[in-house]
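A.B. asks: Dropping the structure in here first, questions after.
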Amino acid sequence: TFSGLASYATAGYKHLQIRVTGQQSFTGYPYQFTRFRINNDTGSNYSHHTLSGDGSSVTSSAGSSTNYIQMLPLPGSQDANVYGALAIDILDFSSVSRNTTVRALGGGYFAGNQKFIGLSSGAHYSTSAMTSFTHYIDAGVNWTAGSRWSLYGSKG
């Protein structure tokens, strides 16, 4: 969870980007998609779309009236030193006249020689300024040691 994001707005930042290098503790298949929640809002105020490919097939999914934005998965811990990457853009995070939109591009290598690349996007249907977000995995799955999040701001 990142909190205190109002200070980024005060400093003049308009958009945020989170760069993730991560791995999840889940070792089964299929891998668990990660999730994104804004301002700890657990209501059904989100929608999302995902498009992904593994080199031989393409899949897509969507959800509306959900209590999270579905983000892309990251590899599981069955391969100890394999981490995936995500770049998550949060547009107009401090606007009080627009809904917050999020998009992510990422991929990784998954056990069994499975490669994965994808694009996901979502919206939070609230005009409250974003002051915090949580990037998590559902179903009791945790992030492994060595996972890292870096937060960047853009003024343009």
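The values are calculated or read from the model by the stated rules, or taken from the named source; none is laboratory data. Note that the coordinates shown come from a computational prediction; the quantities given were computed from them, not determined experimentally. Here the Cβ positions follow ideal geometry from the backbone for every residue, glycine too, while neighbour counts run over all protein chains shown. Ligands, DNA and RNA are stripped out before the accessible areas are found, and what is left, the full protein with its side chains, is counted by its heavy atoms. Shrake-Rupley method; radii C 1.70, N 1.55, O 1.52, S 1.80 Å.
A.B. asks: List the extent of the Cα atoms of the chain along each of their three principal axes, largest first, rounded to whole Å.
C.D. replies: In descending order, the Cα extents are 46, 30, 29 Å.
A.B. asks: Per the 1.4 Å probe, what fraction of the accessible area of the range 1-125, in percent, lies on carbon and sulfur atoms? Intermediate results must be reported in sequence, preceding the final value.
C.D. replies: Values: 3040 of 5980 Å².
C and S fraction of accessible area: 51 percent.
A.B. asks: Something else about it: Explain nothing, just compute: Karplus ³J(HN,Hα) = 6.51 cos²θ - 1.76 cosθ + 1.60, θ = phi - 60°, for every residue of the range 49-54 in order, whole Hz, x for Gly and Pro.
C.D. replies: In residue order, the calculated couplings are 9, 9, 10, 9, x, 10 Hz.
A.B. asks: What number comes out for accessible area per residue over the chain if the probe is 1.4 Å? Units Å², please.
C.D. replies: 49 Å²
A.B. asks: Express the relative contact order of the chain as a whole percentage, based on alpha carbon pairs under 8 Å and six or more residues apart in sequence. Present the calculation step by step, with values, prior to reporting the outcome.
C.D. replies: Numbers: 418 pairs, mean separation 58.4, N = 156.
Relative CO of the chain lands at 37 percent.
A.B. asks: For Tyr125 and Asn81, what is the calculated FRET efficiency with R₀ set at 30 Å and r taken between the beta-carbons, to the nearest 0.05?
C.D. replies: Details: r = 40 Å, r/R0 = 1.32.
Working from the Cβ atoms, E equals 0.15.
A.B. asks: Working out 0.36 nm times the residue gap between Ala62 and Asp138, then minus their Cα-Cα distance, what length gain in nm do you get to one decimal? All intermediate terms of the calculation are to be shown ahead of the outcome.
C.D. replies: Details: separation 76, 0.36 × 76 = 27.36 nm, distance 1.69 nm.
Additional length available on full extension: 25.7 nm.
A.B. asks: Continuing with this model, one more query. Starting from the range 1-78, pick out the trypsin sites (Lys or Arg not before Pro) whose DSSP state is loop and whose Cβ has at most 16 other Cβ atoms within 10 Å.
C.D. replies: Values: sites: Lys14, Arg19, Arg35, Arg37; in loops: Lys14.
For trypsin sites (Lys or Arg not before Pro) across the range 1-78 that sit outside H, G, I, E and B with at most 16 neighbouring Cβ atoms in 10 Å, the list reads Lys14.
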